[in-house]
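**Q** If you scroll down you'll find the structure; I have some questions about it.
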Amino acid sequence: METEVRTWAPIRSNVSSARLEELYHCSALLRRTRIRAEEIVDEARAMLAEAEREGDPGRIVMFSTQLEEARSAYRRVLDAYVTICRRINQERQAILQTLSGVA
C-alpha cells in the first residue's frame with residue numbers, strides 16, 4: 001500500500017502543478033478583463049464630462065446611456081471576477097492540502 005502511494009505521488013504532484021498553473025493564468029486573464037472594464041467606464045465618464053462641458057444635449061444623453069451600460073457591464077464583470085477568484089482560491093487550497101498530505 002505504501003509503495004502504491006509513492007507511485008501515485010509524483011503523478012498527483014505533476015497534475016496538481018499543471019492545474020495550479022492553469023489557475024494562475026485564469027486569474028491573470030480575469031484581472032486583465034476587470035481592469036479593461038474599469039478603463040471602459042473611465043472612458044465613458046470622460047466622454048460624458050466632455051459633452052457636459054460643451055453643453056451638447058444629444059451627446060449628453062447618448063454618453064449618459066453609454067456610461068450606465070458600461071457601469072452595468074463592469075458590475076457583471078466584477079461579480080464574475082469575485083466569484084471565480086473565490087473558486088480558484090478554494091481549488092488552489094484543496095490542491096495544496098492534497099499535496100501536503102501526499103508528501
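Nothing in this text is a laboratory measurement; each read-out follows from the coordinates by a stated rule. If you're wondering where the values come from, they're calculated on a predicted model, not measured in any experiment.
**Q** Could you work out how far helix 57-102 tilts from the main Cα principal axis of the chain, as a 0 to 90 degree angle to the nearest 10?
**A** Result, in degrees: 10.
**Q** If you don't mind, another one. What value in Å³ per residue do you get for the convex hull of the alpha-carbon atoms in the chain?
**A** Output value, Cα hull per residue: 73 Å³.
**Q** Using only Cα atoms and rounding to the nearest 10 degrees, what angle (0 to 90) does helix 2-54 make with the longest principal axis of the chain?
**A** 10
**Q** Quick one: which residues, 5 or more positions from ASP56 or on another chain, have an amide H under 5 Å from its amide H? H modelled 1.01 Å from N in the peptide plane, none for Pro or chain starts.
**A** none
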